[in-house]
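See below for the structure under consideration.
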Amino acid sequence: HHHRSQHPNRATMGSIKCLPCSPVPEGTRITLTLPDDFHHHFRDGPATASVLKHVARQFGRAIAMPNLKPPVTTTALATAYRDRLLSSLPAHLPHGTFDPLMTVYLTDNTSPDEVRKAYATGFVKACKYYPAGATTNSDAGVNDVRKTYPALRAMAELGMMLCIHSEVSSPDIDIFDRESTFIDEIIRPLVKDMPTLKITLEHISTREAVEYVNSAPPNVCASITCHHLLYNRNALLAGGIKPHFYCLPILKRECHREALLDAATSGSPKFFLGTDSAPHTVEAKESACGCAGAYTAHAAVEMYAEAFESRGALDKLDGFCGHHGADHYGLPRNEKRIVLEKKAWVVPMRYEFGEGEVRPLRAGERVEWSIVS
């Protein structure tokens, strides 16, 4: 049973400077640009339709991650995957539109020609860098960053995005240090060698990453998940092991969560929404060796609203959810709007997920905001 105490509140908030602001009154409404999700795991096969129902309710576009089995390493595979996503969309789209944006999985062998071919489709918006072995289905990833330089140079010329899972995968590095180590060993030299390449550090989870992104050139930005804004590692490890909070990058200590909240609510265009919602069946999570991933597609925008409200920064939510990411990717901002209302609802214990079921983040607990239109 998940107690309310896991939820960041006055008791656990930490230092005085971030005492939460008083909550806004029930019934408060805010209008946002229809948000985009710059990091989503739609999976493949029958489960995809279940995920898309949730995503299309709150996002106009979402970047589809390429870590399928086998991974989406070519333009042809990305095109076929996009067709499968489009054919799995719900018949009724709440906002009349949903556009899956595709990525190609970068390997040591990705050629400049393949990059140019992907870019020419108009719907492949990025290449994704997974260090080999760092996360779910990443074994085909990059072993040596220098081998990707020919592809990265082609991307820099085209203005194509590089999305990076910024963690080293070497077993000798402590799991809580893998992000900061990656920034020092890989990102800093990469940005120096490729000064014009557009880069997104995905799902940043540490104060070190925030400090790095703030100090980096304007072409280097970062996405932040709602679970890294709302939870620290106590949610995963205190009072029993809670496998549904196990994700990569792993949740960190409270000072890192506060640094992420500072960044997200600062209004800086360097930080934007990327849920990294990553569904697995209940059995795959609740196991002796459970999979990494938090499922948030059912309530992501509402949970971001909670995080921003905790800082009295709801006025900064629109930029974070609907402007900064689109601007970084060079996409027009969505013209449609959504309306959020401060109106609590209880998250179901399970949602259908193809033939199986997925347990969403905060199952059986309240979410304080609702999307009303």
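A few remarks follow.
- 5 angstrom amide H check on Arg61, placed H, neighbours 5+ away: Asp37, Asp99
- Per residue accessible area in Å² of the chain, where ligands, DNA and RNA are left out and the probe is 1.4 Å: 39 Å²
- Heavy-atom accessible area for Ser87, with the other protein chains in place and a 1.4 Å probe, reaches approximately 100 Å².
- Over the residues of the chain, the helix contribution to mean residue ellipticity at 222 nm works out to -7500 deg cm²/dmol, using -39500 (n - 2.57) for each DSSP H run of at least 4.
- For the options Ala120, Ala154, Ala134, a Gaussian network treatment of the chain with springs between C-alpha atoms closer than 10 Å singles out Ala120 as fluctuating the most.
- Under a 5 Å amide H cut-off, with hydrogens placed 1.01 Å from N, Ala126 pairs with Val104 among residues at least 5 apart or on other chains.
- For the chain, modelled as a GNM whose springs connect Cα atoms under 10 angstrom apart, the maximal fluctuation among Gly159, Gly240, Gly267 occurs at Gly240.
- Solvent-accessible surface (1.4 Å probe) assigned to Glu254 amounts to roughly 40 Å².
- The stretch 185-246: relative contact order as a whole-number percent, Cα under 8 Å and 6+ apart: 27 percent
- Were the residues from Phe123 through Thr196 laid out at 0.36 nm apart, the gain over their Cα-Cα distance would be 24.1 nm.
- Only Lys, Arg, Asp and Glu carry charge here, each on its Cβ (+1 for the first two, -1 for the last two); on that basis the chain has a dipole of about 580 debye about its Cα centre.
- Residues Tyr119, Tyr246, Tyr130 ordered from highest to lowest accessible area at a 1.4 Å probe: Tyr119, Tyr246, Tyr130.
- When the charge dipole of the chain is built from unit charges on Cβ atoms (+1 for Lys and Arg, -1 for Asp and Glu) and taken about the Cα centre, the candidate among His328, Pro131, Ala305 whose Cα reaches farthest toward its positive end is Ala305.
- Charge dipole of the stretch 223-346 (Cα centre as origin; +1 on each Lys and Arg Cβ, -1 on each Asp and Glu Cβ, all else neutral): 120 debye, rounded to the nearest 20.
- In Hz, Karplus ³J(HN,Hα) per residue of the stretch 300-317 (6.51, -1.76, 1.60; θ = phi - 60°; x = Gly, Pro): 4, 4, 5, 6, 4, 4, 4, 4, 5, 4, 4, 10, x, 10, 4, 5, 9, 5
- Centroid-to-centroid, using Cα positions, the stretch 218-253 and the stretch 262-283 are 10 Å apart.
- Couplings 3J(HN,Hα) of the stretch 268-278, computed from phi: 5, x, 6, 10, 8, 6, x, 6, 6, 4, 9 Hz, in residue order, whole Hz [Karplus 6.51 cos²θ - 1.76 cosθ + 1.60, θ = phi - 60°; x for Gly and Pro].
- Residue with peak Gaussian network fluctuation, the chain [Cα springs, cutoff 10 Å], from Arg337, Arg359, Arg207: Arg337
- Evaluating 6.51 cos²θ - 1.76 cosθ + 1.60 at θ = phi - 60° for every residue in the stretch 232-247, the Karplus couplings come out as 10, 5, 4, 4, 7, 10, 9, x, x, 7, 10, x, 6, 9, 7, 9 Hz, glycine and proline recorded as x.
- Total formal charge among the other residues, if their Cβ is under 14 angstrom from that of Leu34, Lys/Arg +1 and Asp/Glu -1: 0
- Carbon and sulfur %, accessible surface of the stretch 120-235 computed with the full protein complex present, 1.4 Å: 47 percent
- Summary value for the stretch 238-373: 27 percent relative contact order, contacts being C-alpha pairs under 8 angstrom separated by 6+ residues.
- Taking every DSSP bridge with both residues inside the chain, close to 30 percent are antiparallel.
- Extension gain from Arg29 to Leu331, taking 0.36 nm per residue of separation minus the Cα-Cα distance: 106.0 nm
- The mean sequence distance of close C-alpha pairs (under 8 Å, at least 6 residues apart), as a share of the length of the chain, puts its relative contact order at 21 percent.
The values are calculated or read from the model by the stated rules, or taken from the named source; none is laboratory data. No experiment lies behind these values; they were computed from the predicted model shown. Using ideal geometry, Cβ is built from the backbone for each residue, glycine included, and neighbour counts are taken over all protein chains shown. The protein model used for the area step is the full one, side chains on, heavy atoms only, and it has no ligands, DNA or RNA in it. Shrake-Rupley method; radii C 1.70, N 1.55, O 1.52, S 1.80 Å.
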